[in-house]
Every structure is written in structure tokens, then in C-alpha cells.
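Trainee: If you scroll down you'll find the structure; I have some questions about it.
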Amino acid sequence: MDFKLILFAVLIVSAVGLIIGIVLAVASALFAVSKDEKVEALLEVLPGANCGACGYSGCEGYAKALAKGEAALGKCSPGGEKTVKKIAVLLGQEAVEVEKKTALVHCLGSYDSTSNKMEYQGVRSCTAASQLHGGVGMCKYGCMGLGDCASVCPYGAITICNGVAHIDPAVCRGCSLCVEACPKKLISFVPLKEMAVVRCSNCQKGAEARKACKTACIGCKKCEKVCEAGAVSIKNFLAYVDAEKCTGCMKCVEVCPEGSITAFLPR
Amino acid sequence: MIKALVAVFLAAILTENYVLSKFLGICPFLGVSKKVNTALGMSAAVTFVMVLATAVTYPIYMYLLVPANLSYLETIVFILVIAGLVQLVEIILKKYIPSLYNSLGIYLPLITTNCAVLGVTMLVIEKSGENFGYLHALVNALGAGIGFLVAMVMFAGVRQRLETADIPKSLKGLPITLVAASLVSLSFLGFSGIVENMLY
């Protein structure tokens, strides 16, 4: 009697399990999502950071576009050369060179050279702070050091040091998330080569810029005059370096009275 | 009849809220309630699974387990059914609403082990009687799901405000979340008695 009861219980449970199993098997066949094997293989190769540097909605979007042949090969800058080679093998195409670039903060306004105009006690976010009278710092163009860029960086390449953000070019994979995160638009891409870079974004006139920050570009045009390659120009009282023309002679760095142009040495 | 159904529905949402009064399903309540959007999606999935699970488990219990004198198998059979249903929902979502499938992520399979779903199906069996049939059970499950949604969305709102609040260091993170959860739960205890008064 007891034995029968146990057997019956086991039978009922296994019958319920069996029915559910059959229903699931039928459903999985019925609602099967046809997956493109090429997309799957490409997804394996891509870094999977879903950073959006390629301009597609994450790695899956780029993989789909690649599989359809709509996307160019060398768009994945975080993946770099290795990834492009693997993608090229998968798609049976020739590998193209990836443009190596790194993000750079165009501001040097640490607490040594500039100060805060208020004691900010609000939300620890640059976006929130920038809504308040143009930001926390004396320089309304400068880095506030609240770390919106650091918090979005998937690779941990950004550190906030002495009130200003620094990006380690060795760690940066060029995904452009920080470029979008910065409310002051201080971050832009520079190619990984020896060149001079302007580490200031202050467009105010010389006297006002200097009042705001000791390392601000005052637009004195010394760099423009000294540059033999014609790579440096002054617009809106702020120096710009054309990366393609810059030969890396660093004469502008030597001549800059403010120290706002610095040498960029990736290695 | 309709009055009784409305009473069951409202009771499941307010006085017998599965999250805030019975303390079931706390895991997704704390896990997915950071943003209102994901909270909405998760509660929609839970509601769907709750109603579906009750629709299947109630007849199984009444017409299979009770006649066979095996009502003690309730728990294991119900878990089996719920797990299968969640798999089914997953397969269908993947096919037809991939965006919702992606945004739910790990929490969809986790509904399998969500005690609120098991709680709804099992507690409704205890309630069942002459005045509480299959239809009542379904309405109860729907109400429980909506109650879950209300709790999740309300708490997501609370948590979004907590993010910008100045919280003492020792309470930051989970502690303040639990404190807030208990306060929200306390506020729901204020509903007790409402549904009974409405009925009689």
C-alpha cells in the first residue's frame, strides 16, 4: 500500500514534468529565433564593452551591421588591430588599419592654478554642478573635477587628481563615452603621436582668463608665431593645434608663458 | 459576484500586498527597483507569470492532486510548473519582444525562484472554498501582480530620490534602502480594514 502511494506520487510528478518538457520542446521549436552564425562569431571577437565608439548600439549592433556588410571594418577602436584582423578573417576581407587615438582632457586647472568660487555641497556630478552659475570653479570653461567622465569610463582610465581629470593614454581605448559625459566638452580625441597639445579651453580674453586660472591660454599668439609648420592657430583667444600638421618640435611648448601648451608623449 | 471580485482584487493590491504586507518577493523588490522603467518591466513580467501560473496550478491542484490524495506534493509540482512557465515566457519574449527580453536580463529566469509567484499560487489554495473559485483565484493573482507593480514603482520613485539625498555615511547604500522599504511597508499597513469595510 505504502509502496503504491510512493509510486503514484512519483508518477504524477514525472508526468507533470514530462508534459511541461514536451510543451517547452515544442515551443522552443515553434518560436525559435533564427540566429545568424556570422553575427554570433563576430560578437565573440568584439570586445563586448558595448561602448558605442563604432557609432552602433553596442557590440551586437556593430556585429549585425558588419555581417550585413553595411559597416566599415576599422570602427572598433577599443578592440584595436587584433580585433580588426579577426573580423577581417571572419568576413574574408583585408584588414584595414585602425586609427589609434586617445581621449585628452583639455584643461590643466588643478587646485594649484585655479580655485573654486563656491563651496559646492550638491550632487557629486559635473552635469548637476554645471547648472549652478556655470560650474564650481573660477574658470567657467574648466574641469570641475567631480568625475562624471571617470564614472562612465568602462576601462578605469580616468582619475581625478587635485581637482582635474586625467586620462591615461595607455589605458584609454578610445570609446568616447567620456567625451559625451563631460558637460564642459573638455575631452576630445587626439592621435597617439608625439605632438603639442593645448591643455586649456578658456575662450575669455587674456586678462580674464589669467584671473580665472594660472595655466589658462591667454591668446598671446607666441605659439602661433613660433610654429614653423603652421599647425598652431589662435581662435577666440585660445590656441588650437592641428594634429596633422604638428611635427612634434615642441617649440610652442617652450615659448608658452602660461604652460597651457604641453608636450604629448604617448610613449 | 462582481463586488466580491473587486474586493479580492483590491485586497490583493492594498491590504494583502505580497511585497509590503506578506514580505514575499523581496529580492526583485530590492534588486530591480533602482529605476522606474526596469521596475515596470519586471513587474509586468511577474504579473504575467503570476496569472499564468495560477491558471495552471489551480486546476492541477484541484483536479489532479486532491483526488489523488497527494496534496502534499503541492510545493514541488507548483515549482515545476512555474519553472516551465517562465521558460515558456522567456522563449516567447525572445522571439517577439527582444528589447524587453534584453532589458529584463537575468531577472526573467530569476522569476522562477521568486517566492511571490509561488506564494500567490499556494496561498490562493488555502483561501479556496465555496466563495472562492477559479475566477477568484485568477483575479487574486492579477491583483497580486498589480500590487507587486505598485510596490515596485513606488519604491523605485523613493529610491530615485534617495540617490540625490544627503545620507549619513553609515547608512549609505543598502541600509537606507531597507529603512525606506520598511517605511513604505508601514504606510501600506494603513490600508488594513479598508476592504472589509467596503464589503459589509
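Trainee: Filter the DSSP H helices in chain A by two things, a Kyte-Doolittle mean of at least -0.5 and an axial alpha-carbon span of 27 angstrom or more, and list the hits by number.
Mentor: Correct list, ordered by number: A:2-30.
Trainee: State, to one decimal in nm, how far the label point of residue B:71 lies from the label point of residue A:236, with both points 7 Å from Cα in the Cβ direction.
Mentor: 7.8
Trainee: If you take the square roots of the eigenvalues of the alpha-carbon gyration tensor of region A:37-91 and sort them as a ≥ b ≥ c, do you get rounded (a/c under 1.5), prolate (a/b over b/c) or oblate? Let's see the in-between values first.
Mentor: Numbers: a/c = 1.33, a/b = 1.09, b/c = 1.21.
Note, shape of region A:37-91 comes out rounded.
Trainee: Quick check on the protein assembly as shown: take the gyration tensor over C-alpha atoms, sort the square-rooted eigenvalues as a ≥ b ≥ c, and tell me if it's rounded (a/c under 1.5), prolate or oblate.
Mentor: Oblate, because a/c is 1.5 or more while a/b does not exceed b/c.
Trainee: Something else now. Would you give the gap between the C-alpha center of region A:87-142 and the C-alpha center of region A:168-196, rounded to a whole Å?
Mentor: 8
Trainee: How shielded is B:75-86 by partner chains, expressed as the average number of their Cβ atoms within 10 Å of its Cβ atoms? Don't skip to the answer; put the middle values down first.
Mentor: Values: counts 0, 4, 5, 1, 0, 7, 4, 1, 3, 8, 3, 0.
Per-residue shielding by partner chains comes out at 3.
Trainee: Still on this model: If packing is taken as the average number of other Cβ atoms within 10 Å across a peptide's residues, how do B:134-140, A:124-130, B:47-53 rank, most packed first?
Mentor: Values: B:134-140: 20.0, A:124-130: 17.7, B:47-53: 22.6.
Answer by packing, highest mean first, reads B:47-53, B:134-140, A:124-130.
Trainee: Count, for each residue of B:62-70, the Cβ atoms from other chains sitting within 10 Å of its Cβ, then give me the mean as a whole number. Kindly include the intermediate steps, with their values, before the conclusion.
Mentor: Working: counts 0, 0, 3, 3, 0, 0, 5, 3, 5.
For peptide B:62-70, the averaged partner shielding equals 2.
Trainee: Ok, one more. Counting Lys and Arg as +1 and Asp and Glu as -1, each charge on the Cβ, what is the dipole of the protein assembly as shown about the Cα centre in debye, to the nearest 20?
Mentor: Values: 41 positive and 32 negative charges, 305 e Å.
About 1460 debye.
Trainee: With respect to the cross-link table entries A:75/A:193; A:85/A:193; A:82/B:34, which display a Cα-Cα separation exceeding 27 Å? Display every interim value, and only then the final one.
Mentor: Working: A:75/A:193 19 Å; A:85/A:193 22 Å; A:82/B:34 38 Å.
Beyond 27 Å between Cα atoms: A:82/B:34.
Trainee: Sticking with this one: With a ≥ b ≥ c taken as the square roots of the eigenvalues of the C-alpha gyration tensor of region A:66-153, please select rounded if a/c is under 1.5 and otherwise prolate if a/b is larger than b/c or oblate if it is not?
Mentor: Values: a/c = 4.53, a/b = 3.11, b/c = 1.46.
Prolate, because a/c is 1.5 or more and a/b exceeds b/c.
Trainee: Here's another thing I want to ask about it. As a test of the formula, what do you get for chain A when each DSSP H run with n ≥ 4 contributes -39,500 (n - 2.57) and the sum is divided by the residue count, at 222 nm and rounded to the nearest 500 deg cm²/dmol? Walk me through the intermediate numbers first.
Mentor: Numbers: 10 runs with 93 residues, N = 267.
That comes out to -10000 deg cm²/dmol.
Trainee: With only Lys, Arg, Asp and Glu charged, each at its Cβ (+1 for the first two, -1 for the last two), find how big the charge dipole of region B:2-190 is about the Cα centre; round to the nearest 20 debye. Could the numbers behind the result be given before it?
Mentor: Details: 11 positive and 7 negative charges, 112 e Å.
In total the dipole reaches around 540 debye.
Trainee: Using only Cα atoms and rounding to the nearest 10 degrees, what angle (0 to 90) does helix B:2-13 make with the longest principal axis of chain B?
Mentor: Once rounded, one gets 40 degrees.
Trainee: Then there is this: Compute the separation of the alpha-carbon centres of region A:5-47 and region A:234-267 and state it in Å as a whole number.
Mentor: Between the Cα centres of region A:5-47 and region A:234-267 lies a distance of 62 Å.
Trainee: Ranking request for peptides A:243-255, A:178-190: highest mean number of other beta-carbon atoms within 10 Å first, then the rest in descending order. Mind showing how you got there, number by number?
Mentor: On the way: A:243-255: 16.2, A:178-190: 18.8.
Highest-to-lowest ranking by the protection proxy: A:178-190, A:243-255.
Trainee: Lysines within cross-link reach of residue A:205: Cα-Cα under 20 Å, excluding same-chain residues under 8 positions apart?
Mentor: A:117, A:140, A:184, A:185, A:214, A:221, A:222, A:225, A:235
Trainee: What number, rounded to the nearest 500 deg cm²/dmol, is the helix-based mean residue ellipticity at 222 nm of chain B, given -39500 (n - 2.57) per DSSP H run of at least four residues and division by all its residues?
Mentor: Computed mean residue ellipticity for chain B: -23000 deg cm²/dmol.
Trainee: Among A:122, B:140, A:88, which residue has its Cα furthest toward the positive end of the charge dipole of the protein assembly as shown, with +1 on Lys/Arg Cβ and -1 on Asp/Glu Cβ?
Mentor: A:122
Trainee: Taking chain B as the reference, fit the longest principal axis to its C-alpha atoms, fit the long axis of helix B:74-96 to the helix C-alpha atoms, and give the angle between the two in degrees, 0 to 90, nearest 10.
Mentor: 60
Trainee: Using the alpha-carbon centroid of each, what span in Å lies between region B:136-200 and region B:23-83?
Mentor: So the two Cα centres are separated by 20 Å.
Trainee: What's the average, rounded to a whole number, of partner chain beta-carbon atoms within 10 Å of each residue's beta-carbon in B:36-42? Please report the intermediate quantities before stating the final value.
Mentor: Details: counts 0, 0, 0, 0, 0, 0, 0.
Average neighbour count from other chains, rounded to a whole number: 0.
Trainee: Here is a further query. Can you figure out the FRET efficiency of residue B:92 with residue B:40, using R₀ = 22 Å and their beta-carbon distance, to the nearest 0.05?
Mentor: 0.70
Trainee: Shifting gears a bit: Select from region A:1-46 all residues whose loss of accessible area on going from the chain by itself to the full protein assembly reaches 40 Å² or more (probe 1.4 Å).
Mentor: A:9, A:12, A:13, A:16, A:20, A:24, A:31, A:33
The values are calculated or read from the model by the stated rules, or taken from the named source; none is laboratory data. Everything numeric here is computed off the predicted structure, so don't read it as measured data. Here Cβ is always computed from backbone atoms with ideal geometry, including for glycine, and neighbour counts include all displayed protein chains. Ligands, DNA and RNA are stripped out before the accessible areas are found, and what is left, the full protein with its side chains, is counted by its heavy atoms. Shrake-Rupley method; radii C 1.70, N 1.55, O 1.52, S 1.80 Å.
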